[in-house]
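Remarks on the structure that follows.
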Amino acid sequence: MSGLGRLFGRGKKEKGPTPEEAIQKLKETEKILIKKQEFLEQKIQQELQTAKKHGIKNKRAALQALRRKKRLEQQLAQTDGTLSTLEFQREAIENATTNAEVLRTMELAAQGMKKAYQDMDIDKVDELMADITEQQEVAQQISDAISRPVGFGDVVDEDELLEELEELEQEELARDLLTVGDKEEEPPIELPSVPSTHLPAGPAPEADDDEEALKQLAEWVS
């Protein structure tokens, strides 16, 4: 095939890379550009130092160094732009790959759900639930019947039991009333009588004893 044919795309088309291959190739190119950035930054610093070294002494050499520095800065800016574009492409492919995988997973899930319900009929489901409810009611009735106490022929009248209980309560109440009446008829408790004689007076105050002693002393002196 001629060069023109290859240029205009005639002939057999080559198979394109997979997303994983494209991502890998972009990562490798990014590494190369990062190394180029580091190299350009170093060269820029070197040219800057050269310009400072010559300064006023050799203006021509200083200007040449600054021109080279300017060209290197332009290359660095282009490299930064290219690297940003590659990063954007890689991130876009990664997102597209993730979205495609998510869509495939969702499609498989939908197919699985469809297959799981393909043999189910809503009417059959309703009938099944009705049967389950009916069986639960039957089971509850059986449980109630089994747990019901059996008197073996002895039928107890609840009203009769309540009447007997009321009679017992009346008897107990009457017994309590009789007990209270007996307590009221008991003779009162006799308290000791108050003595009629006067109790001896207590000891006289100490001042009276002193006066009596002074009287006796006066009589003895006279």
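The values are calculated or read from the model by the stated rules, or taken from the named source; none is laboratory data. For clarity, every value in this text was computed on a predicted model and none was experimentally measured. Methodologically, a virtual Cβ is constructed for each residue, glycine included, from the backbone with ideal geometry; neighbour enumeration extends over all protein chains shown. Just the protein is used for accessible areas: all its heavy atoms, side chains included, with ligands, DNA and RNA removed. Shrake-Rupley method; radii C 1.70, N 1.55, O 1.52, S 1.80 Å.
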Notebook entry, point to check: Local charge sum around T85 (other residues, Cβ-Cβ under 13 Å, Lys/Arg +1, Asp/Glu -1)?
Noted result: -3
Notebook entry, point to check: How high is the relative contact order of the stretch 19-149, in percent, with contacts defined as C-alpha pairs under 8 Å that are six or more residues apart?
Noted result: 27
Checklist line | Residues of the stretch 19-149: accessible area per residue with a 1.4 Å probe, Å² | finding: 82
Note to self: What does the charge count around E73 come to, taking other residues whose C-beta lies under 12 Å from its C-beta (Lys +1, Arg +1, Asp -1, Glu -1)?
What the structure shows: +3
Item checked: Per-peptide average of other Cβ atoms within 10 Å, ordering 74-80, 51-57, 171-177 highest first -> 74-80, 51-57, 171-177
